[in-house]
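What follows draws every value from the coordinates through simple rules; no lab data is involved. None of these values were measured; they are calculated from a predicted model. Cβ sites come from the backbone with ideal geometry, for glycine too, and all protein chains shown count toward neighbours.
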Amino acid sequence: MIQLLKRLKIVIDNFMRRRGLGRWRSETSKCRQRLSPFCAGSGIDIGAGGDPIVPTAVIVDLPSPYTTVGRKSVQLGGDARDLHWFKDGVLDYAFSSHVLEDFEQPEMVIREWLRVLRPKGRLILYCPDQQRYLTYCRKHRHTINPHHFHSDFSLAFVLNRLPAEIPCEVEYQNAEVDDYSWELVLLKSEPARP
C-alpha cells in the first residue's frame, strides 16, 4: 500500500509540474538572480511559460505554450525560429530558458536570435545539459520532457554551433548550475568595418 501511495504521489507531482500548478518553480526562477542583471534595456523572453526573466521583457512563446509556470500572458505568439516582429539589430537582449534544446537545428535558431540584437546586445541562455537532466529525472522519478531533441545537448554542444558569420564573444558561461542546467551570455560584436 505504501509503494502504491508513493507512485501515486509521483504521478500527481508530475501532472502538477507539467501544468505549472502547486509548488513547482519555473526553470527561469532558478536562474533569475544570476541572469536578470544581463537583461537591461529592451528585450524579449523566448518561451517564458508565463514567468519572464524580468517584468519588462516582451514574452515570445507559442500561442498556446506547452507549459505554463507563471501568470503572464503571451504577448507575441509564434515560432521561436522566426522573430519576424523585429527588424535586424533592434533589441538589447534576448533571453531564453529551456527552449533551445527543443530544436533539431539549434544553430539556425541562435542565428535568428542574434539577428535581432544590436551590437553589444546580449543573448542569454539557460538550458539543460541533457545527460545530467536524464540522470536527475531517473533519480527523482520525473517524467522526461519528450521535446528535447539532442541526446548530447550541452554548453559545449551549443558553443560548437555558434554561427561564424555573426561575431559574438562569450561574456559569461557556467557549464554546471542548479541540478542539471548551464548558462551562457553572448555579447554580439560590432560589425566589421570594410
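As a rough footprinting exposure proxy, the listed residues S181, S151, S42 were ranked by other beta carbons within 10 Å of their own, and the order from fewest upward is S151, S42, S181. Exposure proxy for F86, F149, F38: other Cβ atoms within 10 Å of each Cβ, ordered fewest to most, give F149, F86, F38.
Along each principal axis, taking the top coordinate minus the bottom one, the Cα set of the range 114-175 gives 44, 19, 19 Å in descending order.
Normalised by 2.2 N^0.38 Å, where N counts its residues, the alpha-carbon radius of gyration of the range 2-188 equals 1.03. With contacts taken as Cα pairs under 8 Å at a separation of at least 6 residues, the range 2-188 carries a relative contact order of 18 percent.
Cβ under 11 Å from F149's Cβ, F149 left aside: what net charge do those residues give with Lys, Arg +1 and Asp, Glu -1? It would help to have the intermediate numbers written out before the result.
On the way: positive: none; negative: E101, D102, E104, D152.
Once positives and negatives cancel, what remains is -4.
For the range 123-193, the set of GluC sites (Glu not before Pro) satisfying both a DSSP loop assignment and a count of at most 11 other C-beta atoms within 10 Å is given as E165.
By counting other Cβ atoms within 10 Å of each Cβ, how are W113, W85 ranked from fewest to most? Write down the numbers at each step before the final one.
Working: W113 29, W85 13.
Going from least to most buried by this count: W85, W113.
Annotation: amide H-H contacts under 5 Å for W182 (H modelled 1.01 Å from N, sequence separation of 5 or more, or interchain): C127, D129, V177.
Summarising the amide proton neighbourhood of L117: residues at separation of 5 or more, or on other chains, whose placed amide H is nearer than 5 Å comprise G89, V90, L91.
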